[in-house]
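So the structure is just underneath, and the comments pick up after that.
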Amino acid sequence: MHTGEFADVDPTQRKGMLLLSLGTGEAKYEEKYNAPTAANWSMINWVYNNGKTPLIDMFSSAISDMVDYHISTLFQSVDSKEYYLRIQDDKLNGDAASVDIATTENLQRLKEIGAELLKKTESRVNVDTGKYEEIQGGRTNEEALAHFALLLSNEKKNRQAK
């Protein structure tokens, strides 16, 4: 925990912490690799294989998943799930799932994916399965962001009033 303005924040308090996490998208369910093929790879194939980077892909996906899982678990365990908002598209595929394809066409497609993501129903990681699930009766991501902005504004006003 940082010192200074957050030193007196109690993480078990509902309004003690607000966290907004915007993902860059990932291809969580796109089957890029399979065990029988990977079993025959040399060390270089784990670093670079047919234009893909398996080791980097796995590490970056694992890091994202673990951070989201742990933060989501923490907020849910203290009955504060409304104070953690993660917006992530985990169904990207092809060029859209790559972090290094900056063609005009791909950037335009990513812009469209972002606009579509705002219209989708808010989702949250299921701490039992690790998969994102739409919140039943939930808001759109756009509505969730607007609500979160209101929470942030109110929190700022409360802290300034102290």
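What pairs come out if I take residues in region 81-100 that are without any contact (Cβ under 8 Å) to a residue 60 or more places away in the chain and pair them with residues that are among the basic types (Lys, Arg) whose C-beta lies under 7 Å away, six or more apart or interchain?
Filtered contacts from region 81-100: Lys81/Arg124.
Does Ile63 qualify as being touching a strand residue (DSSP E or B) at 6+ places or on another chain (Cβ under 9 Å), at pLDDT 85 or above and not small (Gly, Ala, Ser)?
Numbers: touching a strand residue (DSSP E or B) at 6+ places or on another chain (Cβ under 9 Å): no; at pLDDT 85 or above: yes; not small (Gly, Ala, Ser): yes.
No, not satisfied.
Scan Ala161, Ala144, Ala115 and give me the residue that is within 14 Å of Glu82 (Cα to Cα) and either surrounded by 11 or more Cβ atoms within 10 Å (Cβ to Cβ) or out of contact with any Phe, Trp or Tyr (no Cβ under 7 Å at 6 or more places or on another chain) (or both).
Numbers: Ala161 fails: within 14 Å of Glu82 (Cα to Cα); Ala115 fails: within 14 Å of Glu82 (Cα to Cα).
Going through Ala161, Ala144, Ala115 in turn, the sole match is Ala144.
Taking the residues in region 117-138 that are among the hydroxyl-bearing types (Ser, Thr, Tyr) and assigned to a strand (DSSP E or B) as candidates, determine which candidate is modelled with the lowest pLDDT.
Tyr132
Where in region 28-93 are there helices (runs of 4 or more DSSP H), lying wholly inside it, with at least 2 residues that are surrounded by 11 or more Cβ atoms within 10 Å (Cβ to Cβ)?
Details: elements: 35-38, 43-47, 54-77.
Of the helices (runs of 4 or more DSSP H) lying wholly inside region 28-93, those with at least 2 residues that are surrounded by 11 or more Cβ atoms within 10 Å (Cβ to Cβ) span 43-47, 54-77.
Could you tell me which numbered condition Val125 fails, if it satisfies all but one of (1) of a type in the set (A, V, I, L, M); (2) in contact with a Leu (Cβ under 7 Å, 6 or more places away or on another chain); (3) closer than 20 Å to Leu18 by Cα?
Here Val125 clears every test but (2).
Filter region 87-117 down to the residues that are charged (D, E, K, R) and closer than 12 Å to Ala27 by Cβ and list them by number. Walk me through how you get there before you give the answer.
Here is the first cut: in region 87-117, the residues charged (D, E, K, R) are 89-91, 95, 100, 105, 109, 111-112, 116.
Asp89, Asp90, Lys91, Asp95, listed by residue number.
Is region 32-47 home to any residue that is farther than 22 Å from Thr140 by Cβ and modelled with pLDDT under 80? Steps first, answer last, please.
Keep residues of region 32-47 that are farther than 22 Å from Thr140 by Cβ, which gives 32-47.
Applying the additional criterion that residues be modelled with pLDDT under 80 yields 32-33.
Yes, region 32-47 contains at least one residue that is farther than 22 Å from Thr140 by Cβ and modelled with pLDDT under 80.
If the Cβ limit is 8 Å and pairs must be 6+ apart or interchain, which residue in region 66-79 that is closer than 14 Å to Met17 by Cβ and touching a residue at least 60 places away in the same chain (Cβ under 8 Å) pairs with which residue that is surrounded by fewer than 16 Cβ atoms within 10 Å (Cβ to Cβ) and among the hydroxyl-bearing types (Ser, Thr, Tyr)?
Sorted first by the residue in region 66-79, then by its partner, the pairs are Val78/Thr12.
The values are calculated or read from the model by the stated rules, or taken from the named source; none is laboratory data. Note that the coordinates shown come from a computational prediction; the quantities given were computed from them, not determined experimentally. Quick reminder, even Gly has a Cβ in these numbers, built from the backbone with ideal geometry, and neighbours come from all protein chains shown.
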